[in-house]
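Trainee: This is the structure, below, for whatever I ask next.
What follows draws every value from the coordinates through simple rules; no lab data is involved. Since this is a predicted model, take the numbers as computed values, not measurements. Backbone-built Cβ (ideal geometry, glycine too); neighbour counts: all protein chains shown.
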């Protein structure tokens, strides 16, 4: 797996995921947010709250809002692009699994 990913919305960089370790089925990274992430942070916070409450109905609704953004994970060199994934962001940590 890549050691670094860029979280993108179109051509806008939202954050950088670096490091990378595995806790199957998730890949866990340090997350460095970019200023553009601020617009989307409330969606990720709501998604994480519903996940932590183990409220799967709310989580599906909350995560659908994130999926509707059309985000991608892109390798810095552009060699890999992932468009179907589940991503959680909690402050300086992000973890994802490929859907």
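Trainee: Considering only region 67-99, state which residues are under 9 Å from the mean Cα position of the chain (by Cα) and farther than 16 Å from residue 25 by Cβ.
Mentor: 71, 72, 89
Trainee: A further question follows. Could you list, in sequence order, all residues of region 35-86 that are exposed (fewer than 14 other Cβ atoms within 10 Å of the Cβ) and in contact (Cβ under 8 Å) with a residue 40 or more places away in the chain?
Mentor: Across region 35-86, the qualifying residues are 69, 70, 76, 80.
Trainee: Looking at the structure I just gave you, is residue 21 loosely packed, with under 14 Cβ neighbours inside 10 Å and out of contact with any strand residue (DSSP E or B) (no Cβ under 7 Å at 6 or more places or on another chain)? First the steps, then the outcome.
Mentor: Working: loosely packed, with under 14 Cβ neighbours inside 10 Å: yes; out of contact with any strand residue (DSSP E or B) (no Cβ under 7 Å at 6 or more places or on another chain): no.
Here the answer is no, as residue 21 does not meet what is asked.
Trainee: Give the residues of region 79-97 that are more than 16 Å from residue 14 (Cα to Cα) and not in a strand (DSSP E or B), sorted by residue number.
Mentor: Of everything in region 79-97, those that are more than 16 Å from residue 14 (Cα to Cα) and not in a strand (DSSP E or B) turn out to be 79, 80, 84.
Trainee: If you don't mind, another one. Please count how many residues of region 1-25 are within 12 Å of residue 95 (Cβ to Cβ), touching a residue at least 24 places away in the same chain (Cβ under 8 Å) and part of a strand (DSSP E or B).
Mentor: Residues flagged as within 12 Å of residue 95 (Cβ to Cβ), touching a residue at least 24 places away in the same chain (Cβ under 8 Å) and part of a strand (DSSP E or B) within region 1-25 amount to 3.
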